[in-house]
Amino acid sequence: MKNDELATRRAEAIAGDRCFTKGRLRDEFRMKPAPGAEPVKWYKSAYGGKYAVYRIADCVPMREKRPPTEKQQQAGLRLSVLSRLNSTSGRMAQRAHDWLSQAPLFLDTETTGLGNTAEALEIGLTDAAGRVIFETRLKPTVAIEAQAAAVHGIDEPALSGAPSWPDVALQLRHAIGARPVIIFNAPFDTRILKQTAAAHGDPADWLGELTVYCAMELAAGYFGATNRYGTISLASAASQAALTWEGEAHSAIADARMTAGVVNAIAAYHLALLQEQERLQA
């Protein structure tokens with residue numbers, strides 16, 4: 001409300017010898033009862049309490065709020081950055097940044113299905129920049145379920161000349177080495193790899209020794225869950241990160257690249273906050 005308008009409203013109310021509660025005096029007129037001013041009348045409230053009304057002529061203007069000083073503004077901005085760093089999104093962004101500092105690889109699989117006998121029929125492995133480290137299709141020992149084929153579009157004739165798990169397991173192990181692996185829905189893909197190895201009588205103990213991080217949990221914490229399971233899909237995370245697909249979605253390499261893109265996008269928020277914090281402290 002402009003000062004001229006406020007002064008006019010006050011003058012009109014005083015001329016009319018009107019009475020108001022403290023709340024209306026504060027909100028409508030920026031006034032309060034003067035020291036020693038007595039209520040004109042008390043009323044019972046609908047909730048069993050009491051409230052008073054005062055003659056506006058017995059009230060005084062409230063002190064105008066002073067604009068914050070530059071020092072106060074800077075302190076507020078610094079507190080804002082600190083609050084965002086400590087928020088859930090801020091903590092997830094720092095986690096993503098910490099993961100990327102370890103030079104991780106990003107893995108994805110396409111599978112014959114979802115159950116306890118499902119196997120991998122495509123494996124993709126990239127680095128954080130999306131460069132392909134390892135890529136292969138696999139000939140499974142079980143049939144491809146129709147629902148799975150409808151998602152990734154891979155059928156059994158397309159795998160007629162593909163290698164089997166024993167042909168590629170050592171290559172995959174060497175490609176990963178000692179680097180951490182980030183997977184979107186890590187529990188699912190690691191289970192699928194173990195089931196694939198088991199189908200060929202390979203204990204693949206090395207799979208259990210990998211350092212694995214789940215990008216789905218990270219994205220759900222940063223963007224918020226989007227389903228009743230408390231998780232988020234890769235497509236939804238990519239959309240919220242404003243990313244576009246490189247290649248066709250639901251191919252192992254394309255999904256691994258998108259996972260890398262999502263983690264990089266989340267980590268970028270942490271870097272942006274650190275840069276803002278550094279600027280404010282300069």
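Could you please let me know if E110 is within 21 Å of V212 (Cα to Cα), in contact with a His (Cβ under 7 Å, 6 or more places away or on another chain) and either at pLDDT 95 or above or not aliphatic (A, V, I, L, M) (or both)?
So E110 passes the test.
Could you pull out every one of the strands (runs of 3 or more DSSP E) wholly within the stretch 1-66 that has 3 or more residues that are without any contact (Cβ under 8 Å) to a residue 40 or more places away in the chain?
Hits in the stretch 1-66: 31-33, 41-44, 50-55.
When you check R257 against the structure, is it assigned by TED's automatic domain parsing to the domain that holds W165, surrounded by 21 or more Cβ atoms within 10 Å (Cβ to Cβ) and charged (D, E, K, R), yes or no?
Spelling it out, R257 is indeed assigned by TED's automatic domain parsing to the domain that holds W165, surrounded by 21 or more Cβ atoms within 10 Å (Cβ to Cβ) and charged (D, E, K, R).
Could you list all residues from the stretch 73-92 that are touching a helix residue (DSSP H, G or I) at 6+ places or on another chain (Cβ under 7 Å) and of a type in the set (K, R)?
R78, R84 - these are the residues of the stretch 73-92 that are touching a helix residue (DSSP H, G or I) at 6+ places or on another chain (Cβ under 7 Å) and of a type in the set (K, R).
Kindly check whether there is at least one residue in the stretch 214-224 that is free of Cβ contacts under 8 Å to residues at least 12 places away in the same chain, in a loop (DSSP other than H, G, I, E, B) and more than 28 Å from T141 (Cα to Cα).
yes
Within the stretch 42-62, count every residue that is of a type in the set (G, A, S) and either within 46 Å of the chain's Cα centre (by Cα) or surrounded by fewer than 12 Cβ atoms within 10 Å (Cβ to Cβ) (or both).
Residues meeting the conditions: 4.
Considering each residue of the stretch 217-241, count those that are crowded, with 17+ Cβ neighbours inside 10 Å and out of contact with any helix residue (DSSP H, G or I) (no Cβ under 7 Å at 6 or more places or on another chain), and give that number.
3
Could you list, in sequence order, all residues of the stretch 243-261 that are in contact (Cβ under 8 Å) with a residue 12 or more places away in the chain and more than 23 Å from A148 (Cβ to Cβ)?
Passing the criteria: L243, A260, G261.
Can you run down the residue pairs with Cβ atoms below 8 Å, 6 or more apart or on separate chains, where the first is in the stretch 181-196 and under 14 Å from T211 (Cα atoms) and the partner is in a strand (DSSP E or B) and hydroxyl-bearing (S, T, Y)?
Between residues of the stretch 181-196 that are under 14 Å from T211 (Cα atoms) and residues that are in a strand (DSSP E or B) and hydroxyl-bearing (S, T, Y), the close pairs are V181/Y213; I182/Y213; I183/Y213; A186/Y213; D189/T109.
Just checking, which of A143, A178, A158 is assigned by TED's automatic domain parsing to the domain that holds A204, within 34 Å of the chain's Cα centre (by Cα) and without any contact (Cβ under 8 Å) to a residue 40 or more places away in the chain?
Going through A143, A178, A158 in turn, the sole match is A178.
Restricted to the stretch 67-119, and to residues that are over 16 Å from G261 (Cα atoms) and in a strand (DSSP E or B), which residue is farthest from the chain's Cα centre (by Cα)?
T111
The values are calculated or read from the model by the stated rules, or taken from the named source; none is laboratory data. Just so it is clear, the structure is predicted and the values come from calculations on it, not from any experiment. Because the Cβ atoms are built from the backbone with ideal geometry, glycine has one as well, and the counts that use them run over all protein chains shown.
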